[in-house]
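Encoded as structure tokens, the structure appears first; notes follow it.
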Amino acid sequence: MFGGSGLATRTTEYRIDRGGLVSTVALDLGAHHVEFGAWYEHQSSSAYRRWYPFPVNDPSTPYQRPREELTPLITQYHSEVRVDEYQAHIQDSWKVLPTLTIQGGVKSTFQNASQRVPTQPIPGSFTGSVALPVGKIDTHKYFLPQLGALWDATDNEQVFVNVQKNIRQFQTSAAAGLSPFALGSQAAFDLFKQDVEPETSWTYEAGLRSHHSLNLGPLTGFDGQISVYHVDFSDRLLGISPNPVVTAVVSGAAILQNVGAVKTDGFDVAGTFRFGSHFSFYDALSYNNSRYEENYISGTSIVATAGKKVPGSPDWLNKFTASANYDIFDAQLVGDYIGKRFATYTNDLSVPSYFTLSGRIAAHVPLSEGEIVKTATVSLNVTNITNKRAASTLSIGAASGTFNQFPVAPRQVFGTISVGF
């Protein structure tokens with residue numbers, strides 16, 4: 001039964017197929033540029049958890065699936081998801097004046113999703129899970145408007161404003177933590193369908209773009225942009241773990257529910273300074289303040305999230321890129337700053353800020369005309385030059401007391417040779 005080894009190989013096998021159509025029709029009607037568009041996508045996916053024999057004479061490795069001819073000993077579960085998505089829009093770009101353009105439009109979006117489970121999980125094989133749910137969820141939003149304007153204030157400055165409404169459709173993978181199809185019982189799924197709404201947002205943005213050629217000694221040019229924004233998120237969706245640990249580590253039948261609004265305010269500033277044709281310096285700074293508006297209830301307890309910052313989202317980010325080129329050589333030095341991030345919904349735990357550097361130097365090798373190889377480039381790349389140790393990605397799934405983190409990759413040095421024909 002076990003291939004003479006007494007051992008078994010467990011696999012999780014995924015299949016996903018996508019197909020669809022995209023169409024757009026544009027009309028120029030005097031000062032109006034009108035566009036109609038629609039797209040359709042059909043998605044078919046499946047997930048299998050299987051256990052195979054581990055043959056003594058022909059063992060598999062962690063990097064390969066057992067041979068096709070091997071019959072699985074156990075199919076722990078098998079789910080099938082089908083999703084049809086439709087979206088249509090109409091928009092108009094109206095040139096009111098030679099320097100002023102008004103843009104407006106509306107889109108409609110529809111998602112029809114269903115799951116069937118030919119093989120339910122073996123009882124006790126998932127912590128806290130009774131069965132994967134079966135059924136359909138349809139999400140339809142007919143009116144998602146957008147309105148904006150572009151004003152060429154001068155030959156070098158452009159002012160822009162924009163407001164729009166958007167929606168985040170429900171995730172549809174049976175393996176996704178915030179997917180209703182990943183809920184651990186039919187009752188939880190039916191309650192979700194009855195009570196939960198998809199997340200929506202209103203975004204307000206305004207800003208200024210600038211482009212200048214300069215004659216200030218070594219400084220010969222500048223391109224920049226500054227923007228400010230405010231976002232109102234509604235019907236925030238949260239997976240509430242039945243375990244006092246992070247759901248990404250210990251499986252559990254999370255409860256999915258709407259837990260109120262999030263307010264976000266921020267700004268972005270970015271600019272490129274050009275010093276002749278051989279050197280440039282780009283820097284981008286952003287500030288983001290995202291806070292929960294309400295508390296939420298977990299079981300019979302109130303979780304005090306009102307006024308707390310959204311975890312995993314740093315207040316400050318900064319990135320710079322210094323680029324130089326001369327003759328056949330070019331080089332780059334890139335710096336990334338990630339600010340302090342909270343790691344729980346109640347902000348009782350956090351990870352500190354960090355800064356990393358990476359670099360590249362390359363040579364574009366000249367080749368003789370008439371050769372088969374037209375271009376060749378040799379480059380040396382180094383990431384995390386200072387070998388910084390810090391938390392890269394956070395896995396957040398608890399109100400307080402615990403979280404998981406994935407480390408920043410250590411210093412890596414690698415070279416590449418690329419050719420063109």
Problem set entry | Beta bridges by DSSP in the chain, antiparallel share as percent, to the nearest 5 | 100 percent
Exercise. What FRET efficiency, computed as 1/(1 + (r/R0)^6) with R0 = 56 Å and r the Cβ-Cβ distance, is obtained for A390 and L27, rounded to the nearest 0.05?
Worked result: 0.60
Exercise. Who wins for biggest fluctuation among P133, P66, P311 in a Gaussian network model of the chain, springs between alpha carbons below 10 Å?
Worked result: P66
Exercise. Whole-Å semi-axes of segment 252-362's equivalent ellipsoid, largest first, each the root of 5 times a Cα gyration tensor eigenvalue?
Worked result: 42, 14, 11
Problem set entry | Whole-Hz couplings from phi, Karplus 6.51/-1.76/1.60, listed for segment 144-151; x for Gly and Pro | 10, x, 8, 9, x, 8, 10, 10
For this session: Compute the separation of the alpha-carbon centres of segment 177-205 and segment 259-308 and state it in Å as a whole number.
Result: 24 Å
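Could you calculate the contour length gain from L367 to F281, that is, 0.36 nm times the residue separation minus the distance between their Cα atoms, to one decimal place in nm? Intermediate results must be reported in sequence, preceding the final value.
Working: separation 86, 0.36 × 86 = 30.96 nm, distance 3.01 nm.
Full-extension gain reported as 27.9 nm.
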For this session: Under 13 Å between C-alpha atoms is the cut-off here; go through the chain and count lysine pairs that meet it, provided they're at least eight residues apart or on different chains.
Result: 7
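Can you tell me the accessible area per residue over the chain, all protein chains present, probe 1.4 angstrom, in square angstrom? Could you put the intermediate results ahead of the total?
Values: 23640 Å² over 421 residues.
Value for the chain: 56 Å² per residue.
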Exercise. Which percent of the accessible heavy-atom area of the chain goes to carbon and sulfur, probe 1.4 angstrom?
Worked result: 59 percent
Problem set entry | Cα-projected label distance for V96 with K319, points at 7 Å along beta-carbon direction, nm | 3.4 nm
Seminar exercise, completed: With Cα coordinates, the longest principal axis of the chain makes an angle with the long axis of helix 186-195, in degrees rounded to 10, of 40 degrees
Problem set entry | C-alpha center-to-center spacing [segment 362-421, segment 29-53] in angstrom | 31 Å
Exercise. Of the chymotrypsin sites (Phe, Trp or Tyr not before Pro) in segment 22-104, which ones lie in a loop per DSSP and count no more than 11 other C-beta atoms within 10 Å?
Worked result: Y63
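How much of the pair distance distribution for segment 359-421 lies past 17 Å, counting alpha-carbon pairs only, in percent?
Working: 1213 of 1953 pairs.
Looking at segment 359-421, the distances longer than 17 Å represent 62 percent of pairs.
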Exercise. Which one, (i) 4, 14, 19, 24, 23, 12, 4, 1, 0; (ii) 4, 18, 24, 22, 15, 10, 5, 2, 0; (iii) 5, 23, 33, 26, 12, 2, 0, gives P(r) over Cα pairs in 10 Å bins from 0, in percent as derived from the coordinates shown?
Worked result: (i)
Seminar exercise, completed: Of all trypsin sites (Lys or Arg not before Pro) in segment 334-381, the ones in DSSP coil with at most 11 other Cβ atoms within 10 Å are K374
Seminar exercise, completed: At q = 0.14, 0.17, 0.20 1/Å the base-10 log of I(q)/I(0) from the Debye formula over the alpha-carbon atoms of segment 86-155 is -0.66, -0.77, -0.88
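The values are calculated or read from the model by the stated rules, or taken from the named source; none is laboratory data. Remember, predicted model here, so these are calculated numbers, not experimental data. FYI the Cβ positions are ideal-geometry reconstructions off the backbone, even for glycines, and counts take in every protein chain you see. In case anyone asks, the SASA skips ligands and DNA or RNA and just uses the protein heavy atoms, side chains included. Shrake-Rupley method; radii C 1.70, N 1.55, O 1.52, S 1.80 Å.
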